[in-house]
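Rule-based calculations on the coordinates, nothing more; no lab input. It should be emphasised that the depicted structure is a prediction, and the values quoted were computed from it without experimental measurement. Neighbour counts run over all protein chains shown; Cβ positions are idealised from the backbone, glycine included.
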Amino acid sequence: MKEYILKICGLTDRKQAEETAQAGATHIGMIFFEKSPRHVPLEVIGEISAGIKGRAISVAVTVNQDLKILQNLLDVVDMVQLHGEEPVGLIRDLPEGRVIKALRIKDEKDLEKVELYGKTGVPVLIDAYSEKAYGGTGKQIEPQLAKKAVDIYPMTVLSGGLSPENVGQLLEQIRPAGVDASSKLEVRPGVKDMTRVKKFIDTVRDFYESDNKAD
């Protein structure tokens, strides 16, 4: 079985984060972006990160932050996810193995960005394009476009509108290096429906861990 990313994003509560880690998520994301309804301050991110330490990788999701703030975040989390228009050079300035780059994919032209950021060697998370938000919209990427992204760069993580109901079929079709889910697992922004979270995690783990289907 090869490694994969199973990231549940938008956590705001330590208890839910701990339960999500216990259920089998490999990565847990917290939003550090004040315009997001799921934003949590640095001290809360630190508390959640401490609660899941050793059980899941903590990820602070940011948008167009400068190097100093990203370094401060990396003092309390395992990884940062860059969800804005951050340049390739910024990724190279951050510690190796501690960055995920998110890209909003609208059409085939945007696939050029997958190739560009893929050259840095970091996981590239693809999300659906929205003019109104950087993520968490529940919009889904067209599957054929997502498959082309994975073909270009195998370390591509699928995001955008993933749910317990659709993730199994999309995994079979696209075969990404991992998945990231948030809005379709919520009661309201920042509060997870833990029954849906666990069902999602079980479905994803079954794909990656049963008979090495993702190899």
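Tabulated results
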item	result
Sequence-separation-based contact order of segment 66-173, relative, with Cα cut under 8 Å and 6+ spacing, percent	22 percent
Subset of K53/K106; K15/K198; K139/K192 violating a 26 Å alpha-carbon distance limit	K53/K106
Environment charge of D78, counting only residues whose C-beta is closer than 10 Å and scoring Lys/Arg +1, Asp/Glu -1	+2
For F200, F33, order by how many other beta-carbon atoms lie within 10 Å, fewest first	F33, F200
Tensor-based shape of the chain (alpha-carbon gyration tensor, a/c under 1.5 rounded, otherwise prolate or oblate)	rounded
Loop GluC sites (Glu not before Pro), segment 158-215 (other Cβ atoms within 10 Å of the site Cβ: 14 or fewer; DSSP)	E165
Restricting segment 149-215 to trypsin sites (Lys or Arg not before Pro) in coil, as DSSP defines it, with at most 14 other Cβ within 10 Å	K213
Loop-located GluC sites (Glu not before Pro) in segment 9-84 whose Cβ has at most 16 other Cβ within 10 Å (DSSP)	E34
The chain, relative contact order in percent, only Cα pairs under 8 angstrom and at least six apart counted	21 percent
Segment 1-118 - charge dipole about Cα centre, Lys and Arg +1 at Cβ, Asp and Glu -1, debye rounded to 20	220 debye
Within the chain, percent of DSSP bridges classed antiparallel, to nearest 5	5 percent
